[in-house]
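The values are calculated or read from the model by the stated rules, or taken from the named source; none is laboratory data. Because the structure is predicted, anything quoted here is derived from the model rather than measured. Here the Cβ is made from the backbone with ideal geometry for all residues, glycine too, and neighbour counts use every protein chain on show.
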Amino acid sequence: MDLSTACPWGRTNLTITADGSVLPCLYSRDLCLGNIFEQSLIVLYHSSVLEGVRNGSLLAEPCRSCLYREFCGGCRARTYYLTEDWFAADPWCPLVRGLTEEQVRVFPSNLPKEKVGGY
Ligand code: SF4
């Protein structure tokens, strides 16, 4: 499995702040997994929240069953700030916005801008 294209949130990235708080990423300051001075990093890495995002079980559809989940997973921080739900489908995803996989394959040409986040 190549994780290089997936959102690194809790996969290949954790953020540790000066007070020892462990976050899934720099932009997820509202989701503290624990404190490095109280728990081991490996325990926090295998927390139910991070495992549930990595294996998709906590994610809402269509992300949970998405063909691209292991290589994408959506941006959890952006999703939270747009929906107040860490595990919702990423609102900026073209699939979530209603495009078909066939349309996404030709990305970014000929796609309606409102469906691809305005780009
Ligand atoms: S639905 Fe979109 S955001 Fe969610 S995993 Fe699939 S491609 Fe990524």
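What to note about this one:
- Against the list (1) touching a Cys at 6+ places or on another chain (Cβ under 8 Å); (2) surrounded by fewer than 16 Cβ atoms within 10 Å (Cβ to Cβ); (3) over 30 Å from Thr100 (Cβ atoms), the condition Thr5 fails is (3).
- The requirement of being under 19 Å from Pro94 (Cβ atoms), assigned to a helix (DSSP H, G or I) and either free of Cβ contacts under 8 Å to residues at least 60 places away in the same chain or out of contact with any helix residue (DSSP H, G or I) (no Cβ under 9 Å at 6 or more places or on another chain) (or both) is fulfilled nowhere in segment 33-43; no residue meets it.
- Residue, farthest from the chain's Cα centre (by Cα), within segment 45-58, restricted to residues that are in contact (Cβ under 8 Å) with a residue 24 or more places away in the chain and assigned to a helix (DSSP H, G or I): Tyr45
Each row is one residue, and each column tells you yes or no for (1) under 15 Å from Ala6 (Cβ atoms); (2) at pLDDT below 95; (3) surrounded by fewer than 16 Cβ atoms within 10 Å (Cβ to Cβ).
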| residue | (1), (2), (3) |
| --- | --- |
| Ser40 | no, no, yes |
| Ser57 | no, no, yes |
| Gly73 | yes, yes, no |
| Glu102 | no, yes, yes |
| Glu114 | no, yes, yes |
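- Cβ-Cβ distances below 7 Å connect the following pairs, each with a first residue in segment 11-32 that is under 21 Å from Asp85 (Cβ atoms) and among the basic types (Lys, Arg), a second residue that is crowded, with 16+ Cβ neighbours inside 10 Å and at pLDDT 95 or above, and a separation of six or more residues or different chains: Arg29/Leu23.
- Residue count for segment 61-79, restricted to those that are near the ligand (Cβ under 6 Å from one of its atoms) and within 18 Å of Thr100 (Cβ to Cβ): 7.
- Within segment 80-104, the set of residues being within 15 Å of Tyr27 (Cβ to Cβ) and away from the ligand (no atom under 11 Å from the Cβ) comprises Tyr80, Tyr81, Leu82, Thr83, Glu84, Trp86.
- Of all residues making up segment 59-104, the number that are in a loop (DSSP other than H, G, I, E, B) and under 22 Å from Thr15 (Cα atoms): 11
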